[in-house]
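Notes follow once the structure below has been shown.
Quick note: the coordinates plus some simple rules give every number you see, no bench work behind them. Here the structure is a predicted model, which means the values were calculated and not measured. Using ideal geometry, Cβ is built from the backbone for each residue, glycine included, and neighbour counts are taken over all protein chains shown.
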Amino acid sequence: MMKTETMYTKHALRTIILRFDRQKKAPAFETLALRYFQELHDRTLQLKQQVLRGRRAAFPFTLLIEDVEELLEQAESMLQQLSVMLPEHREKQTVEEQLRKLLHDIPQQQGEFVQDLIRETQQFYQYDSDLQQYEQWMEETAFPQFHQVFQRYQECAIDIVSFDRDLEDFKGVLGAVKRQEEKYFDSMNELIERYDDLNQQIADFFDKVADFDPGLVP
């Protein structure tokens, strides 16, 4: 009679629950597959942590970009006012001073976070590189080894039904990580595109101001 034992392996990603026939000695290919199964959890947890950290870090940049966009909108409005004012208009000097201040504040405020944004973008690109290595390792190393266990299950100490069930449970957790990852990619891609657009708008606006009155540009 087969004597089975259920083993619970606690992991920060999820608890691994597998049954084994203790009357059998695990062959080398099974031992390697289980080592890869543990490593799969380690690697997935690392990606999950990177995704969650990245999502938390990305959000404040959206607010910082919005602040600069608001300043740029105010500056554009003031330039429009100046463009229709007569030289003798009594408010012309006040509007010019306000515009000069905005032209000073816009690059200053932008400069307060741009280096942090560059670092965060570099980490995002690094995550994409790490992800490709992870997926390649799963496809070329881990899952082919798992397939051997399914093909030669009669030689194994592990209960193949429990391994199949636990692998499917892992895939469910991986699916949740992937959904978080998709949100991370969406938010970072949108952030990068939005900042690039803003940067171009600022450059174009400063050129426009210089064409209107070079003395206004700091």
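The single residue among LEU86, LEU71 that is closer than 30 Å to ASN189 by Cα and not in a strand (DSSP E or B) turns out to be LEU71. Only a single item in (1) over 30 Å from PRO214 (Cβ atoms); (2) among the hydrophobic types (A, V, I, L, M, F, W, C); (3) in contact with a helix residue (DSSP H, G or I) (Cβ under 7 Å, 6 or more places away or on another chain) is not met by LEU79, and it is number (1). Scanning region 26-65 for residues that are charged (D, E, K, R) and touching a residue at least 60 places away in the same chain (Cβ under 8 Å), which turns out surrounded by the most Cβ atoms within 10 Å (Cβ to Cβ)? That would be GLU30. For region 194-218, the tally of residues that are farther than 17 Å from SER77 by Cβ and either in contact with a strand residue (DSSP E or B) (Cβ under 7 Å, 6 or more places away or on another chain) or of a type outside the set (Lys, Arg) (or both) stands at 13. The set of residues in region 1-35 being touching a helix residue (DSSP H, G or I) at 6+ places or on another chain (Cβ under 8 Å), within 21 Å of GLN46 (Cα to Cα) and charged (D, E, K, R) consists of ARG14 alone. Summed over region 149-202, residues that are of a type outside the set (Gly, Ala, Ser) and assigned to a loop (DSSP other than H, G, I, E, B) total 3. Yes or no: GLU181 surrounded by 16 or more Cβ atoms within 10 Å (Cβ to Cβ), of a type outside the set (Phe, Trp, Tyr) and under 30 Å from GLU69 (Cβ atoms)? So GLU181 fits the description; yes.
For region 86-96, does any single residue satisfy the condition of being surrounded by 11 or more Cβ atoms within 10 Å (Cβ to Cβ) and within 17 Å of the chain's Cα centre (by Cα)? No, the conditions are met nowhere in region 86-96.
Pairing each residue of region 84-98 that is in contact (Cβ under 8 Å) with a residue 40 or more places away in the chain with any residue that is surrounded by 12 or more Cβ atoms within 10 Å (Cβ to Cβ) and part of a helix (DSSP H, G or I), provided the two are 6+ apart or on different chains, yields C-beta distances under 9 Å for GLU96/MET78; GLU96/LEU82; GLU96/LEU216.
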